[in-house]
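Coordinate-derived values only; no laboratory data. Everything numeric in this text was worked out from a predicted model, so none of it was measured. With ideal geometry, Cβ positions are generated from the backbone for all residues, glycine too; neighbour counts draw on all protein chains shown.
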Protein chains: 2
Amino acid sequence: MKVKEIGEQGLLQHLFRFCPAHRVGDDGAVVDLAPGYRMVVTTDVLVDGVHFSDRTTPPHAVGWRAVAANLSDLAAMGASPVGITVGLSLMGETEVEWVESLYEGMSECLQPYETPIIGGDVVRSPVISLSITALGQAQPDRLCHRHTGQPGDRIVVTGVHGASRAGLECLLNPEWSTALSPGDRQRLIQAHQYPQPRLDVLPKLWDLHPQSIAGMDSSDGLADALEQICQASGVGAQIHLSKIPTAHGLKAVLSDEQIRHWAFYGGEDFELVLCLPPEVADRFVDQLGEDAAIIGELTFGDRLELLDRFDHEDKPNPNSTLDRRWGFQHFN
Amino acid sequence: MKVKEIGEQGLLQHLFRFCPAHRVGDDGAVVDLAPGYRMVVTTDVLVDGVHFSDRTTPPHAVGWRAVAANLSDLAAMGASPVGITVGLSLMGETEVEWVESLYEGMSECLQPYETPIIGGDVVRSPVISLSITALGQAQPDRLCHRHTGQPGDRIVVTGVHGASRAGLECLLNPEWSTALSPGDRQRLIQAHQYPQPRLDVLPKLWDLHPQSIAGMDSSDGLADALEQICQASGVGAQIHLSKIPTAHGLKAVLSDEQIRHWAFYGGEDFELVLCLPPEVADRFVDQLGEDAAIIGELTFGDRLELLDRFDHEDKPNPNSTLDRRWGFQHFN
């Protein structure tokens, strides 16, 4: 059954079951915050053929990833989600089952956080796209920003980088991935299709350090996150390349340099990159487990240095410089 | 200069000047509400070739109308705006000047309400589209909904209907509009390109009646608004056709029936359709001036009757029934 066969009102009847009944049906949705909290809002747009494709991402995973990207932005701000709106552009030829599967994916990603779909818009378009706005709430003294990093802060990543890019490669180029173990291959594909927003790390962080910190998510790649934080905070950084957690099993098929390239520029790992006082960083990484790591520190100046080994002989590697042009840039 | 020539980061530098400097640059934007207020959120998606066209709407007007549509939804909820996010899909071939003009139109529509653009996303797409999410705040005891209409409530419209549709016709079919006076023609085009969200009526309403009422905006046409309110409230309505305020000057070029058709089904007039106790309705319409009117009342039952004349001999007109299929429906 195609969308054009049931029309806008027919489609909405199918989609309302994914929304709490008392929250939809007006010109807008009403949202309440906990007393004393501030609202955080973030918007992401995903376009068929640009950000996802039927070749690599079934509609259920498209919905999941779109929500995960937005929840990741909220996590990066130190906020917990309270609701999302969905602006959906569809073709008349789109199958209603495709749309329902999309909504199922969104709902499943939202479910652990008890976060409802509170509104949106459905329109006709020559290309399928999805614009999600997520609303969150944060305690004012725990908001995270990019511009508050201080020299001496340790740079913590909450998990591996490059896994999403490697999972995409498995899907685009199955032959390449035959050298991986089936388990590793499955984990990489999972990382690409069903990334986890790291909302789980916030309570752990606040147990140790109930204050605002500098940070952002690594949705556009680890290199982009490091550059954005350094630029916004007016600091430099030293990064110990060997400390960057990368996806398991890739050494069987890729050079160290290629693995590192995907970690820096692959994007869509949706981990958090946080800047913490040294003693907090150590305890925080211990709590998060083996995939989290301190990968370097913020420094005075504006140089982003990549160091080859993590010992007292660390030297800047002249052949390793970050270049944001390698990351995901629209329009280029 | 095309978007692809300056890339995403280059484009963002052009667009940041439309945003308050301290509000953008993080993964999300922080929004504060007045104490005791509730947040209202609404999303609208507009697609090039579906909802707007260079033939009828220059980019400045596209931006204005997109914002106006969202602010109208907030007004319909009894909320005042506090910020918007913009999800923008562009082609690499899009001219940067086009995008700047779009943002100028958005900013000008927002300016009287001191409402900032607080965030968003810019992505590449084969078709230009615009997804705006507007955030507003409302006093809990003044929220408007569609489902709270009561039999006996008078139905008030805050202005003329059909003007936007007539303005579109002037643009699509200039020859048709030569029979209009230049002033009328200009006013109709203005109504289409630069509609005014009716946020101005809320303080006047609350002076008379500081409570929640039933209502919505007429963005999808007056017929759709009446049907939605009746259906959500479980009531019927009697509408006096002769009382519906329609655009000035149209009698020179259209039959009464055609004028009425555009008033019911044309859409995008962005007036409010409000259900008020009789004594409040009279005083409210007096305050709003000549284009506002009481056009009928809510009744017991579920019939939406159209009455031909507004006197004691009013009779249902068997040839006049509302049919939402004539209104703007996506995918059909």
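Residues considered: A:H60, A:H240, A:H51. Largest GNM mean-square fluctuation over chain A, using C-alpha springs under 10 Å, is found at A:H51. Remark: label point of A:K204 defined 7 Å out from Cα along the Cα-Cβ vector; separations to the same position in other copies 5.8 nm, ascending.
Shape of chain B from its Cα gyration tensor (a ≥ b ≥ c, root eigenvalues): rounded if a/c is under 1.5, otherwise prolate when a/b > b/c, or oblate? Since a/c reaches 1.5 but b/c is at least a/b, the shape of chain B is classed as oblate.
Average partner chain C-beta neighbours within 10 Å, per residue of B:115-127?
Neighbouring Cβ atoms belonging to other protein chains average 6 per residue here.
Taking chymotrypsin sites (Phe, Trp or Tyr not before Pro) across the range B:205-301, the ones in a DSSP loop with at most 13 further Cβ atoms lying within 10 angstrom of their Cβ are B:F300. For the range B:84-231, the antiparallel share of DSSP beta bridges with both residues in that region comes to about 45%.
Here B:K204 is the anchor, and the lysines within straight C-alpha reach of less than 24 Å, apart from those fewer than 8 places off in the same chain, are B:K243.
Starting from the Cα of A:K243, step 7 Å toward the Cβ, then list every residue of the range A:138-171 with an amide N under 13 Å from that point. Zone members listed by number: A:152-158.
Placing a label point 7 Å from Cα along the Cα-to-Cβ direction at A:A252 gives distances to the equivalent points in the other copies of 8.0 nm, listed shortest first. Remark: A:R187, B:R55 ranked as B:R55, A:R187, counting other beta-carbon atoms within 10 Å and listing the fewest first. Within a straight-line Cα-Cα reach of under 15 Å, B:K2 can be paired with the following aspartates and glutamates, leaving aside sequence neighbours fewer than 8 residues apart in one chain: B:E93, B:E95, B:E97, B:E100.
For B:K251, go through the aspartates and glutamates and keep the ones whose alpha-carbon is under 13 Å away, minus same-chain ones fewer than eight residues off. Counting by Cα, and skipping residues close in sequence, B:K251 has these aspartates and glutamates nearby: B:D184. With the simple spin-label model, which puts each label point 7 Å out from Cα in the Cβ direction, the B:E93 to A:M1 separation comes to 3.8 nm.
Computed from the Cβ-Cβ distance with R0 of 56 Å, the FRET efficiency linking A:V50 to B:D282 stands at 0.55.
Counted over chain A, the DSSP beta bridges are approximately 75% antiparallel.
How big is the equivalent ellipsoid of the range A:161-265 along its three axes, where each semi-axis is √(5λ) from the Cα gyration tensor, reported in whole Å from largest to smallest?
Details: eigenvalues 164, 58, 27 Å².
So the three semi-axes of the range A:161-265 are 29, 17, 12 Å.
Placing a label point 7 Å from the Cα of B:A252 along the Cα-to-Cβ direction, the residues of the range B:143-179 whose backbone N falls under 20 Å of that point are B:160-179. Across q = 0.15, 0.21, 0.22, 0.25 Å⁻¹, the range A:52-119 modelled as identical point scatterers on its alpha-carbon atoms has Debye log10 I(q)/I(0) values of -0.49, -0.89, -0.95, -1.15, in the order of the q list.
Footprinting exposure proxy ranking of A:H161, A:H22, fewest other C-beta atoms within 10 angstrom first, gives A:H22, A:H161.
Percent antiparallel among DSSP beta bridges with both residues in the protein assembly as shown, to the nearest 5?
Working: 80 of 108 bridges.
Taking every DSSP beta bridge with both residues in the protein assembly as shown, the antiparallel ones total about 75 percent.
Amide hydrogen proximity for B:T246: with H placed 1.01 Å from N in the peptide plane, the residues at 5 or more positions away or on another chain lying under 5 Å are B:H161. Annotation: amide H-H contacts under 5 Å for B:T299 (H modelled 1.01 Å from N, sequence separation of 5 or more, or interchain): B:G152, B:G236, B:A237, B:Q238.
Placing pseudo-labels 7 Å out from each Cα toward the beta carbon at B:R23 and B:E175 gives an inter-label distance of 4.7 nm. In order along the range A:140-147, the phi-based Karplus estimate (6.51 cos²θ - 1.76 cosθ + 1.60, θ = phi - 60°) of 3J(HN,Hα) comes to x, 8, 10, 5, 9, 10, 8, 9 Hz; Gly and Pro are listed as x. Only helical runs count toward this figure. For the protein assembly as shown, summing -39,500 (n - 2.57) over DSSP H runs of n ≥ 4 and dividing by all residues gives -10500 deg cm²/dmol at 222 nm. Copy-to-copy label distances for B:K2, where each label lies 7 Å from Cα along Cα-to-Cβ, are 3.1 nm in order of increasing length. Convex hull volume of the C-alpha atoms in the protein assembly as shown, normalised per residue: 156 Å³.
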